[in-house]
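First comes the structure, then the notes that go with it.
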Amino acid sequence: MMVQTADSIVVGHFAGTIPLAAVSLVHSVFMIVMVVGLGIAYGLTPLIAQENGRKHYEECGVLLSNSLWINTLSGILLFCLVYFGSMAVIDHLDQDPAVVREAKPYLFILGLSVVPMMVFSTFKQFAEGLGFTRQAMNITIWGNVLNILLAIILVKGMFGFAPMGVRGVGYATLTDRCLMALVMGFYVFRSVNFKRYLKRFDVWRIGFHRCIAILRIGAPVALQYVFEVGAFAAAAVIAGTIGANEQAAHQVAITMAATTYMMASGIAAAATIKTGNSYGKYNIPRLKRFALSSYLIVLAFMGFAAVVFVVFNRYLPWIFTSDLVVIGIAAQLLIIAGLFQLFDGTQVVGLGILRGMGDVNIPTLITFVAYWVIGLPCAYVLGISLGFGVKGIWYGLTLGLFTSSVLLYLRYRRVVFKSPDLHPSFRGNPQRV
């Protein structure tokens, strides 16, 4: 997320409003492709946490080899989707022609970066499933530093490089993700922390049943991401039909909201690991304690973020742009963003808890209903039909997040508290509940 945030800041300050609107358009389209890959990669984490809880250490290495194949092939297929699909679709979204011209080369370069991103995610999800999260964080931080430096150099045209504009941030991101994949893989294979888990790792050890087990979790998680991110991407496209200034303001506000969402998703990832480990040990009281703790932490953090958004709504947009029109619109959107912070945080934690238990099918249906049956239609009606503009679009998105948050919490209550099957000796499948 910080890669995209940095791209928006660099382009907004050094390239202008039209390129910033192009970044918004590309991120709206590309995020759908990216989260499909991230969702598939995420299928490994709860399986690793559960097998580790059962002390089936060598099985973790076998799962890693299968996941590496699945994710690499998925990355190649997703690049093809960007090249043959998204590049054609972008011409038919009723966007400013100047924005589309800037967007196309940037989208192609980002498409190339999907493959190394998927390789990085494979090793990251493996390590995180075992509770080792700090190393991926450190690699990502240094990757972001490199991305920002390269982006500024290539966008402005420094040290002998010609100014590349939007393409410059694309090349910076591609370089960053390639290096991150290499370093993360090196860490996993060289660290003593994983030696007992990698005894049966063999890149050629492909098992049909293990691949299906990974995809059985990863595919619904990918759909959950698609339904949520796709709704926000569609909202950006709707904002683009109102005007370039509105689209740029939407990009500024949604980037701020998405940054805090990433913090909440980190709490959700921890919830997946801890609830998955507890579920693997069949220790449901421990699972309940971790779930409650996750909800309390995310409510505290997102409540603080909401206060910051509301109090500093007229100052935060200056991080991204100096265009006073864009800043004025974004400031209004940040007040609404403050409102949906709590709903955004609790819904992603709810998803994380349920994933840890392998419960992904019903939550996928919930996300579809919340965003595509309720949230996005309301956003269109309020924003376009009733003339509330980009603020109306954000009211609709807030309603979708509220719906998702409530329904996912009710699902968690049903699975854990209402089912007689879920006691410490339970050995079944929560999806039958």
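The values are calculated or read from the model by the stated rules, or taken from the named source; none is laboratory data. As the structure is a prediction and not an experimental result, all values here were calculated from the model. Using ideal geometry, Cβ is built from the backbone for each residue, glycine included, and neighbour counts are taken over all protein chains shown. Accessible surface is based on the protein model in full, side chains and every heavy atom, while ligands, DNA and RNA are left aside. Shrake-Rupley method; radii C 1.70, N 1.55, O 1.52, S 1.80 Å.
Counting only residues at least eight positions apart within a chain, or on another chain, the lysines with an alpha carbon under 29 Å from that of Lys199 are Lys55, Lys124, Lys274, Lys281.
If you roll a 1.4 angstrom probe over the protein chains with everything in place, what fraction of the accessible area of region 94-196 belongs to carbon and sulfur, to the nearest %? Here it works out to 68 percent.
The tail of the calculated P(r) for region 130-280, taken as Cα-Cα distances beyond 29 Å, holds 38 percent of the pairs. With N counted as the residues of region 231-270, its alpha-carbon radius of gyration over 2.2 N^0.38 Å works out to 1.39. What the Kirkwood sum gives for region 312-351 is a hydrodynamic radius of 11.1 Å, with every pair of different alpha carbons counted.
In Å, what Kirkwood hydrodynamic radius results for region 228-305 from the alpha-carbon pair distances? The Cα-based Kirkwood calculation yields 14.6 Å.
Quote the FRET efficiency, to the nearest 0.05, computed for Met263 versus His56 with a Förster distance R0 of 45 Å and r equal to the Cβ-Cβ distance. Step by step, r from the Cβ atoms, then E = 0.90. Per residue, region 181-325 exposes 46 Å² of solvent-accessible protein surface, assessed with a 1.4 angstrom probe and all protein chains in place. Averaging 1/r over each pair of different alpha-carbon atoms in the chain and inverting the result gives 22.0 Å, the Kirkwood hydrodynamic radius.
Considering the dipole of region 42-163 built from charges on the beta carbon (Lys and Arg +1, Asp and Glu -1) around the Cα centre, which of Pro116, Tyr42, Asn144 is farthest to its positive end? Positive-end residue among those listed: Asn144. Extension gain for Ile141-Val373 works out to 79.8 nm (0.36 nm per residue, less the C-alpha to C-alpha distance). Computed extension length for Val308-Val325: 4.0 nm, one decimal, from 0.36 nm per residue of separation with the Cα-Cα distance subtracted.
Along each principal axis, taking the top coordinate minus the bottom one, the Cα set of region 34-173 gives 56, 36, 20 Å in descending order.
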